[in-house]
Each structure stands twice: as C-alpha cells, then as structure tokens.
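I have placed the structure first, in the form of structure tokens, so that the comments after it can refer back to it.
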C-alpha cells in the first residue's frame with residue numbers, strides 16, 4: 001500500500017474521493033477548506049491506484065483516520081500521535097498502538113445525519129443570533145455545561161463568520177443555551193449544542209437544534225451532528241428532530 005501526502009498535484013483525486021463520501025470524510029473537507037496551511041492529509045492507495053483511506057492531522061493537535069482495515073493499519077504509522085487527540089471509527093480502535101491511547105480518555109461519539117423534509121419544524125421560540133461580543137459568555141457556558149469535554153475552551157478561540165453562526169436562548173439577559181452551525185458547500189453541521197445545567201429538561205436544545213437545522217437547509221442539502229453516545233437525552237432529542245445515527249467513533253482525548 002502506497003502512502004502519499006496531499007498536495008496540489010493530488011488535490012483532484014482527493015476532491016473526487018471525498019465528494020462521494022461527504023458524510024464519512026466531513027472533517028477532512030472542512031479542515032482542508034477553511035485552514036489548508038494547518039491541515040495535513042495522508043492518503044493510502046491500493047494496488048489499483050485508488051484511495052483506500054486517509055489520515056488527517058489538524059494543527060498538530062487532532063487526528064482523524066478513516067478507510068479500510070488495511071489502510072488504517074498503514075496510516076497510523078505516519079504520525080506520532082502521543083500528544084494528539086485521536087478519532088477513529090469504533091471498529092478500528094483495535095488498530096491503534098497502545099502507547100497512542102495511554103493517558104487519554106476514550107469517549108464514544110455518534111455521528112448523526114439529517115436531510116431536508118425529515119426535520120421537525122419548531123415554532124415555539126426563535127433563538128437570538130449571538131455576536132462576537134458574546135464570546136466570553138459563550139466560552140463560560142461551554143465550560144459550565146461540560147467541564148470534562150469543554151473545560152479548556154476560551155473565548156478568543158471561537159469563530160464568528162458567514163459560515164460559522166451562533167444562536168442562543170437567554171433568560172434574564174443571560175445566555176442559558178446555545179448552538180453553533182458551520183455551513184459548507186454541500187454539507188453543514190450543528191457543531192455545538194450546550195445548555196446551562198440549571199436550565200436543562202425545558203426543551204431548549206430541541207428548539208435550538210430545530211432552528212439551527214432550518215438555517216442549515218437554507219444553504220445545504222445535508223446536515224450532521226455529533227453527540228456523546230452515552231448522552232441518551234441528547235440522542236433522543238436529535239432523533240425526535242429527525243436525525244439518524246450514521247457512524248460511531250472512538251475519540252481519544254488527552255487528559
């Protein structure tokens with residue numbers, strides 16, 4: 001199996017491949033489009049000269065691996081992953097080196113997909129559009145909502161743009177729940193949903209995600225969302241809105 005680092009000469013092959021597998025290679029598409037200078041992608045080619053899998057290294061912090069069993073086994077040796085977060089299909093985690101999983105917490109994540117016409121339309125409440133001036137309040141709610149997963153989020157890391165939009169619900173002029181969407185060319189994602197623990201079980205996430213999906217479908221014909229597999233209430237909420245489980249990943253997060 002031949003391993004090649006993506007560059008301008010191999011881009012056409014890359015785009016043809018991921019264009020037919022958008023749901024599986026979403027982060028490869030998103031990261032390479034929005035920040036190519038911080039994104040390295042290795043492609044594994046079989047004897048038939050066709051791509052069998054890929055490894056994504058984003059900002060020397062996050063690794064994503066997809067492909068056939070043989071491709072994954074070959075790709076994992078391309079990068080020293082000791083100090084990086086790693087995401088692989090749950091069925092491929094056995095191929096990771098034990099040292100790459102040391103001192104990391106495994107979190108199971110579901111990738112869920114939704115298409116136009118399948119989504120719940122909620123008219124109960126229209127969230128507010130959040131602005132850059134809300135950065136620190138959003139970051140604070142990130143940390144409060146899930147200290148284990150988002151405990152290190154900082155306001156200056158949050159992206160606000162035409163393709164990165166934030167929506168929120170406020171109580172007493174304070175943000176108590178928010179969501180973020182990323183809009184690509186052919187696909188979008190509700191990339192974040194968080195609710196203050198004191199305001200959960202009030203249907204706020206249902207309203208926010210339903211609204212976010214409606215906004216996505218103004219631009220793209222396909223939507224994704226990720227959720228911790230053990231977060232049963234959130235999984236049920238997204239299923240109620242119209243999402244269906246697509247893949248399950250093992251995410252190894254640095255302690």
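No value in this document is a laboratory result; all are computed from the given coordinates. Not measured: the values here are computed from a predicted model. Heads up, the Cβs are rebuilt from the backbone with ideal geometry, glycines too, and the neighbour counts pull from every protein chain shown.
For the chain, find the longest principal axis of its Cα atoms and tell me its angle to the long axis of helix 135-145, 0 to 90°, nearest 10.
80 degrees
Mind ordering 125-137, 81-93 by average Cβ neighbours within 10 Å, highest first?
81-93, 125-137
Which of these, 105, 244, 152, has the largest mean-square fluctuation under a Gaussian network model of the chain (Cα springs below 10 Å)?
152
Taking square-rooted eigenvalues a ≥ b ≥ c of the alpha carbon gyration tensor, is the stretch 191-255 rounded, prolate or oblate, where a/c under 1.5 means rounded and, failing that, a/b exceeding b/c means prolate?
It is oblate, given that a/c is not under 1.5 and a/b is not larger than b/c.
Please work out the C-alpha center-to-center distance from the stretch 24-59 to the stretch 186-255 and express it in whole Å.
Each part reduced to its Cα centre gives a spacing of 24 Å.
Once R0 is set to 45 Å, what does the formula 1/(1 + (r/R0)^6) return for the Cβ-Cβ distance between residue 214 and residue 255, expressed as a FRET efficiency to the nearest 0.05? Can you show the working numbers first?
Numbers: r = 38 Å, r/R0 = 0.85.
E between residue 214 and residue 255, to the nearest 0.05, is 0.75.
Compute a Gaussian network model of the chain, connecting alpha carbons closer than 10 Å, and tell me which residue from 200, 171, 21 fluctuates the most.
171
Between residue 24 and residue 199, what is the spin-label point distance in nm, taking each point 7 Å from the Cα along the Cα→C-beta axis?
Reported label-point gap for residue 24 and residue 199 is 4.0 nm.
In the P(r) worked out for the chain, what percent of Cα pairs fall beyond 35 Å?
16 percent
Does anyone have the angle between helix 232-241 and the longest principal axis of the chain? Alpha-carbon axes, 0 to 90°, nearest 10?
For helix 232-241, the angle is close to 80 degrees.
Between residue 5 and residue 85, how many nm apart are label points set 7 Å from Cα along the C-beta direction?
Placing both labels 7 Å along Cα→Cβ, they lie 2.4 nm apart.
Using only the Cα atoms of the stretch 2-102, what are the Rg and Dmax in Å?
Looking at the stretch 2-102, its Cα Rg and Dmax stand at 12.7, 37 Å.
Taking the chain as the reference, fit the longest principal axis to its C-alpha atoms, fit the long axis of helix 204-216 to the helix C-alpha atoms, and give the angle between the two in degrees, 0 to 90, nearest 10.
Between helix and principal axis, roughly 60 degrees.
Mind giving me the FRET efficiency for residue 13 and residue 68? R0 is 22 Å, r the Cβ-Cβ distance, nearest 0.05 is fine.
The value I calculate is 0.85.
What area, in nm² and to one decimal, does the C-alpha convex hull of the stretch 114-254 cast on average over all directions?
8.6 nm²
In nm, give the distance between the simple-model label positions of residue 230 and residue 48, each being 7 Å from the Cα along the Cα-to-Cβ direction.
Placing both labels 7 Å along Cα→Cβ, they lie 4.0 nm apart.
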